[in-house]
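The values are calculated or read from the model by the stated rules, or taken from the named source; none is laboratory data. Bear in mind the structure is a predicted one, so any value in this text is a computation, not a measurement. All Cβ positions, even for glycine, are placed from backbone atoms using ideal geometry, and neighbour counts span all protein chains on display.
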Amino acid sequence: MPLDELLGFRLFGKNKSLLGLISAFSAAVIISAFLTESLHVLDKPSYFFMGVVSGLGAIVGDLFGSILKRLLKIKEGQPFFTDQITFILFALIGLYLIDPNVLPLWLSALLLIFSAYLHRFMNVLAHYLKLKKVPW
């Protein structure tokens with residue numbers, strides 16, 4: 001069910017669903033638990049919490065990007081710069097709210113740049129493999 005149907009008006013677009021939201025949050029929790037356990041970190045609750053917060057930040061960032069596209073009247077499915085960066089930007093903001101020293105700023109900037117290029121590359125690859133109709 002699209003999230004917009006729950007709201008009763010168009011805000012996120014047809015590709016944002018309740019199932020996607022639940023799946024993304026569940027993935028953030030599972031991946032955080034797995035990484036926390038497999039990396040043998042000493043402060044497990046903090047690292048697990050940071051993983052969940054960064055995952056939640058990525059979800060909120062993706063939704064924010066969709067709202068921005070709707071406000072700017074950008075057609076659904078059309079590429080826009082927010083598609084590549086809002087999710088990682090909000091994930092980083094969530095991490096910095098927990099611990100301002102979690103990552104050096106240069107590394108955060110590098111992650112933003114790398115994410116944008118990786119996102120684009122993966123979309124083109126998915127299009128080439130016939131997994132997506134459009135390369136964006």
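When the residues of segment 96-116 are filtered to those that are surrounded by fewer than 12 Cβ atoms within 10 Å (Cβ to Cβ) and in contact (Cβ under 8 Å) with a residue 12 or more places away in the chain, the one that is nearest to Gly57 (Cα to Cα) is Leu97.
Does Ala126 fit the bill of being surrounded by fewer than 18 Cβ atoms within 10 Å (Cβ to Cβ), more than 18 Å from Ala24 (Cα to Cα) and in contact with a Pro (Cβ under 9 Å, 6 or more places away or on another chain)? In short, yes. Among the conditions (1) surrounded by 14 or more Cβ atoms within 10 Å (Cβ to Cβ); (2) at pLDDT 90 or above; (3) β-branched (Val, Ile, Thr); (4) closer than 24 Å to Pro2 by Cα, Ile93 misses just one, which is (4).
What's the total number of residues in segment 47-64 that are buried (at least 18 other Cβ atoms within 10 Å of the Cβ), touching a residue at least 24 places away in the same chain (Cβ under 8 Å) and not aliphatic (A, V, I, L, M)? So the count comes out to 5. In segment 122-136, what residues are part of a helix (DSSP H, G or I) and within 16 Å of the chain's Cα centre (by Cα)? Once the filter is applied, which keeps residues that are part of a helix (DSSP H, G or I) and within 16 Å of the chain's Cα centre (by Cα), segment 122-136 yields Met122, Asn123.
Phe80 fulfils the conditions (1) over 14 Å from the mean Cα position of the chain (by Cα); (2) hydrophobic (A, V, I, L, M, F, W, C); (3) surrounded by 14 or more Cβ atoms within 10 Å (Cβ to Cβ); (4) more than 24 Å from Phe114 (Cβ to Cβ) except for a single criterion, (4). Applying a threshold of 7 Å to beta carbon distances and a minimum spacing of six or more residues, or different chains, the list of pairs starting in segment 118-133 at a residue that is under 20 Å from Thr86 (Cβ atoms) and ending at one that is assigned to a helix (DSSP H, G or I) and at pLDDT 90 or above reads Lys132/Ala126.
Checking the conditions here, which among Ile74, Ile67, Ile93 is farther than 22 Å from Ile31 by Cα, under 15 Å from the mean Cα position of the chain (by Cα) and either without any contact (Cβ under 8 Å) to a residue 60 or more places away in the chain or not in a loop (DSSP other than H, G, I, E, B) (or both)?
Working: Ile74 fails: under 15 Å from the mean Cα position of the chain (by Cα); Ile93 fails: farther than 22 Å from Ile31 by Cα.
Of Ile74, Ile67, Ile93, the one residue that is farther than 22 Å from Ile31 by Cα, under 15 Å from the mean Cα position of the chain (by Cα) and either without any contact (Cβ under 8 Å) to a residue 60 or more places away in the chain or not in a loop (DSSP other than H, G, I, E, B) (or both) is Ile67.
Here the condition is being within 19 Å of His119 (Cα to Cα), surrounded by 13 or more Cβ atoms within 10 Å (Cβ to Cβ) and aliphatic (A, V, I, L, M); of Ile85, Ile74, it holds for Ile85 alone.
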